[in-house]
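> For reference, the structure I am asking about is given below.
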Amino acid sequence: MAKEKATITVDRAKLSEARALLGASSSSAAIDVALSELIRVHRLRHDVKAYTETPPTAEEIALGLASPDWSDLADDTDWDAVWPEDS
């Protein structure tokens, strides 16, 4: 991604704290990471909002209510004997 040189005014204390938290080698690196995180979080919130505004379909509701048939896992193993509590 192409970079562009820009002159900005920032709070020195916030920039210093951001650099320390991120382990950034420069102010530019800290700002780049901060902007990337801001974009990521905004996109995630947008996606979550879009999903919460769309009601689930009948198929999605049925899938959520479906229970697996665990009967094939039933066996006669005495698990208390296999793994005694005193071990």
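The values are calculated or read from the model by the stated rules, or taken from the named source; none is laboratory data. Just so we're clear, the structure is a prediction, and the values are computed from it rather than from any experiment. So basically every Cβ, Gly included, is an ideal-geometry build from the backbone, and we count neighbours across all protein chains shown.
> Mind checking which residues of the range 1-13 are basic (Lys, Arg) and within 14 Å of VAL33 (Cα to Cα)?
Here is the first cut: in the range 1-13, the ones basic (Lys, Arg) are 3, 5, 12.
Hit for the range 1-13 is LYS3, nothing else.
> Mind listing whichever residues of the range 1-21 are free of Cβ contacts under 8 Å to residues at least 12 places away in the same chain and either polar (S, T, N, Q) or surrounded by 10 or more Cβ atoms within 10 Å (Cβ to Cβ) (or both)?
THR7, THR9, LYS14, SER16, GLU17, ARG19, ALA20, LEU21
> I would also like to ask the following. Mind checking which residues of the range 44-87 are in a loop (DSSP other than H, G, I, E, B) and at pLDDT 90 or above?
Applying the first criterion (in a loop (DSSP other than H, G, I, E, B)) to the range 44-87 yields 54-57, 66-69, 74-78, 83-87.
Listed by number, the residues that qualify are THR57, ALA66.
> Return the pairs, sorted by first residue and then second, in which the second residue is outside any helix (DSSP H, G or I) and among the hydroxyl-bearing types (Ser, Thr, Tyr), the first residue lies in the range 38-53 and is more than 25 Å from ALA18 (Cβ to Cβ), the beta carbons are less than 6 Å apart, and the residues are 6+ apart or on different chains.
none
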